[in-house]
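Below: one structure, written as structure tokens.
Just so it is clear, none of the values below were taken in a lab; they were calculated from the coordinates. Worth saying up front: this structure is predicted, and the values here are computed from it rather than measured. Every residue, glycine as well, gets a Cβ built from its backbone with ideal geometry; the counts of neighbours run over all protein chains shown.
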Amino acid sequence: MTGEAGVGRRWIDSSEWRALVGWLALVAAGLVLTLWAVRSGARLGTASAPFLGRYRLQLSPLTLLAPAVAAGVLLLAQRGWFDRARFGLVLGAGYLGGLGWALALALADGVAGLTRPLLNPDNYQSDVAGVADDPLGYLRTFTNPTTPHSPAARGHPPGPVLALWALHRLGVTDQLALAVLVTAVGVATIPLVLVAVHGVCGPVPARRYAPVLILAPYAIWVAVSTDVFVTVLGAGMVAAGVWASAAKRRGPRAGAWSALAGVALGTAALFSYAAGWLGLSLVCLYFARRRPFLNLATGLGALLPVLVADRLGFGYVNGLLLARDDFATRVQPYRSVLWWSLISLVALLVAAGPPLSASLRRVRTTPGWPFLVGAGCAVVFSILAGIARGGVEHAWLAFFPWLTVAAVAPREQGGPPVPAPLLLTATGALTAVVVEAVLATPW
């Protein structure tokens, strides 16, 4: 069903209604569970479970920006523009629409909605001064127990701090300009994901996935979190791996692209210790496409940035152990693993939105299942390992875009394409507007 065919049915598709009702039921149950945890005095470590931050009501004329952006994107999708336009234009519209959506959500709090997270003393920005004129010295002393770090930097490799330091050195010192730039970098995830979906699932699902990505509820944290560096690098890794494993690409060209995918993965690992889980997506993809030997090139490429960092003074394993010790002393005693294992799933449901429900129902019918496996395993491991104890709304940003891929999968293997899930997308957008209005996020 392409072009304008089926446009009138896009809002009343029965499977969408079932997915929406299922999502609403799960969210309602999760919020009741969260309220029970708060009222019973469970060790949660936050005043705004299932998220980190605090609750307040913030309404102003700027609150109307996000609904206006959402209405424009939904109107274009409902009229079939994403189906008819050249794919290059879809990629550009995806980027610009996503940037407008993320900025509009953040600006519901005014300019402070963009700058406040960067000025938070618990965030990476407070570490930049410690780098001074010696980034190599900062690398060498990063795992020194006496080196002072912000809470955010203690749980991560040095990548986020050095990225902000580099932006300062390039002259981006104004907080608003820096916030907009970070957001612009994060939104580049959208065209990269669409390229990967196009290469694996085909052009129609990719086009119909565009509105889902543009109006994703987790855009709330894209505009306020430096974790978007990991998100972009992870998306670039997957896109490069898809390109490398295409049937028409063989020999040195395939090896070069798969090695590039590995370099992106290794670089992402210098920003987040959890980034490596996305590599499982490529492992599954290479085997699904009968190109298992590309794993060798990707694996070697992933080692390169880590080994370079090691030669420059940052021991990756030492950093990981330091982060584990910090978690054990700063987080673990104050946040119940049992409660947060459940509440993190509630945060996931809200942040990913109703398309997550449709995606989980159709995992078996999409050729994009390797994407869901990598992201899903990362989420499951975080929960089972007991490290998902608040803050997953930004810590899992790199995984969210891949968890909803199957929302545009056919209802049966090899079946006809399904319409864009606009009802689910619109409900997710409304969810984001509500969350932004009542939640002050520290990230």
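Listed highest first by mean packing, meaning other Cβ atoms within 10 Å per residue, what order do 131-137, 163-169, 399-405, 199-205 come in?
Final packing ranking: 399-405, 199-205, 163-169, 131-137.
With θ taken as phi - 60° and the coefficients 6.51, -1.76 and 1.60, list the Karplus ³J(HN,Hα) couplings across region 381-386 in order, rounded to whole Hz; mark glycine and proline as x.
Per-residue couplings from phi come out as 4, 4, 6, 5, 7, x Hz.
For region 9-440, with equal point scatterers placed on the C-alpha atoms only and solvent neglected, what are the log10 I(q)/I(0) values from the Debye formula at q = 0.13, 0.14 1/Å, to two decimals?
Each listed q corresponds, in turn, to -1.19, -1.39.
Can you tell me which of V380, V337, V408 moves the most in a GNM of the chain? Springs connect C-alpha atoms under 10 Å apart.
Fluctuation is largest for V380.
Which of the peptides 31-43, 220-232 is most tightly packed, and how do the rest follow, going by the mean number of other Cβ atoms within 10 Å of each residue? Don't jump to the answer; show the numbers that get you there.
Values: 31-43: 13.8, 220-232: 27.1.
Final packing ranking: 220-232, 31-43.
Would you mind classifying region 318-443 by shape? Square roots of the alpha carbon gyration tensor eigenvalues, ordered a ≥ b ≥ c; an a/c under 1.5 is rounded, otherwise it is prolate if a/b is larger than b/c and oblate if not. Mind dumping the intermediate values first?
Numbers: a/c = 2.87, a/b = 1.63, b/c = 1.76.
Oblate.
For the peptides 152-158, 383-389, what is the packing order when you average, over each peptide's residues, the other Cβ atoms within 10 Å and list the highest mean first? The partial results should precede the final answer.
Details: 152-158: 23.0, 383-389: 17.7.
Taking the mean over residues of other Cβ atoms within 10 Å, the ranking is 152-158, 383-389.
From Cα pairs below 8 angstrom and at least 6 apart in sequence, can you work out the relative contact order of region 9-440, rounded to a whole percent? It would help to have the intermediate numbers written out before the result.
Values: 725 pairs, mean separation 111.3, N = 432.
Normalised by residue count, the contact order of region 9-440 is 26 percent.
Who wins for biggest fluctuation among T425, T147, T63 in a Gaussian network model of the chain, springs between alpha carbons below 10 Å?
Per the Cα network of the chain with a 10 Å cutoff, T147 tops the list.
Report the Cα centroid-to-centroid distance between region 291-330 and region 200-220 in angstrom, as an integer.
31
Would you kindly work out the equivalent ellipsoid of region 289-359 from its C-alpha gyration tensor and give its semi-axes, the square roots of five times the eigenvalues, largest first in whole Å? Don't jump to the answer; show the numbers that get you there.
Values: eigenvalues 205, 138, 17 Å².
Listed largest to smallest, the semi-axes of region 289-359 are 32, 26, 9 Å.
Using unit Cβ charges (K, R positive; D, E negative) and no other charged atoms, how large, in debye to the nearest 20, is the dipole of the chain about its Cα centre?
Working: 32 positive and 17 negative charges, 255 e Å.
Rounded to the nearest 20 debye, it is 1220 debye.
Which value in deg cm²/dmol, rounded to the nearest 500, describes the helix-derived mean residue ellipticity at 222 nm for the chain, given -39,500 (n - 2.57) per DSSP H run of n ≥ 4 and division by the residue count? It would help to have the intermediate numbers written out before the result.
Values: 24 runs with 283 residues, N = 443.
The helix contribution divided over the chain gives -19500 deg cm²/dmol.
Of P158, T143, G368, which is farthest on the positive side of the dipole of region 9-440, counting Cα position, with +1 on Lys and Arg Cβ, -1 on Asp and Glu Cβ, and the Cα centre as origin?
About the Cα centre, the residue reaching furthest to the positive side is G368.
Rounded if a/c is under 1.5, else prolate if a/b is larger than b/c, else oblate: which is region 146-193, with a ≥ b ≥ c the root eigenvalues of its Cα gyration tensor?
Taking the square roots of the gyration eigenvalues as a ≥ b ≥ c, region 146-193 is oblate.
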